[in-house]
Amino acid sequence: MHEVLAELGVRADLLAPQQLSELDELGYCRFDRFLSPVQVAAALADVEVRLRESGTQGGTLHLRGLLEAGMVFDAFWLRPHLLAAVRHLLGPEFRISEMHYRASTPDHGGQALHIDTIDRAGPGRWQVCNAVVALTDFTADNGATRVVPGSHLDYGFVAPRGHEDHPDQVVLVGPAGTCWLFNSHLWHSGTKNQTGQVRHAVLTRFQRRGVAALLDTSPSDGTIERLGSAAYLLM
């Protein structure tokens, strides 16, 4: 996959030293202004139509299959600096496996701290990571993602019961358009939305090849034609 990533413009020097150390030591890093206001607005407009057509309701709203949803969502993952960060965590033999929209409505969205794999792994053996892109401002009280920095390296980590806070947790706050990439062996979760507005986000899952996929479907011919052969090979 080295050639594929190179064709997509992925280079090691795209990441700042601080981002590399944060990925290794904290388990996550941040990309400011990952999406422009125009891109955020376009994604929200598309999501609104899809929610209306699907009739999706509930405390936490979900839309899956966004990899096939058209070019408005390509910018959420087909970015050299993001892919460089994924390669740093997973190595060059990785694939994108799923993209979905998740929105916590008022008084919902809280989760228990968890990891996205049953295997603890370790440096050089990480299996899964996730990129979360804020489509509205992530604030301390509107259901933003929380992480426990360094917990991916702590094999003795004990999560609190239920939705309780952890003393070392950090809530990922930032304006709409911000992206965070986190090692999915890091203990993390959504938090309860305590505001009167919906908190919108899109999450993209990357995984080391050979790991069982959540949704293992082949891209459509239209998606292959839109993305090109190099991007297709990452799917």
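See the values below:
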quantity: Residue among 197, 207 that is in a loop (DSSP other than H, G, I, E, B), in contact (Cβ under 8 Å) with a residue 40 or more places away in the chain and either in contact with a Cys (Cβ under 6 Å, 6 or more places away or on another chain) or of a type in the set (S, T, N, Q) (or both); calculated: 197
quantity: Near pairs, Cβ below 6 angstrom, 6+ apart or cross-chain, from the range 76-100 (under 18 Å from residue 201 (Cβ atoms)) to any residue that is polar (S, T, N, Q); calculated: 76/204; 77/204; 97/207; 99/204
quantity: Among (1) surrounded by fewer than 22 Cβ atoms within 10 Å (Cβ to Cβ); (2) within 25 Å of residue 48 (Cα to Cα); (3) among the polar types (S, T, N, Q); (4) within 18 Å of the chain's Cα centre (by Cα) - the single one residue 145 does not satisfy; calculated: (1)
quantity: Residues that are in contact with a strand residue (DSSP E or B) (Cβ under 7 Å, 6 or more places away or on another chain) and either at pLDDT below 95 or of a type in the set (A, V, I, L, M, F, W, C) (or both), drawn from the range 6-42; calculated: 23, 29, 31, 34, 35
quantity: Top-ranked residue of the range 43-57 - restricted to ones that are of a type outside the set (Val, Ile, Thr) and out of contact with any strand residue (DSSP E or B) (no Cβ under 8 Å at 6 or more places or on another chain), ranked as surrounded by the fewest Cβ atoms within 10 Å (Cβ to Cβ); calculated: 55
quantity: Residue within the range 27-34 that is over 14 Å from the mean Cα position of the chain (by Cα) and buried (at least 17 other Cβ atoms within 10 Å of the Cβ) present; calculated: no
quantity: Per-region count, the range 126-185, residues part of a loop (DSSP other than H, G, I, E, B) and either of a type outside the set (Phe, Trp, Tyr) or in contact with a Leu (Cβ under 8 Å, 6 or more places away or on another chain) (or both); calculated: 35
quantity: Tally, over the range 58-98, of residues that are at pLDDT 95 or above, of a type in the set (A, V, I, L, M) and surrounded by 22 or more Cβ atoms within 10 Å (Cβ to Cβ); calculated: 6
quantity: Test: residue in the range 130-140 that is touching a residue at least 12 places away in the same chain (Cβ under 8 Å), in contact with an Asp or Glu (Cβ under 8 Å, 6 or more places away or on another chain) and closer than 21 Å to residue 117 by Cα; calculated: yes
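The values are calculated or read from the model by the stated rules, or taken from the named source; none is laboratory data. Being a predicted model, the structure only gives us computed values, none of them experimental. So basically every Cβ, Gly included, is an ideal-geometry build from the backbone, and we count neighbours across all protein chains shown.
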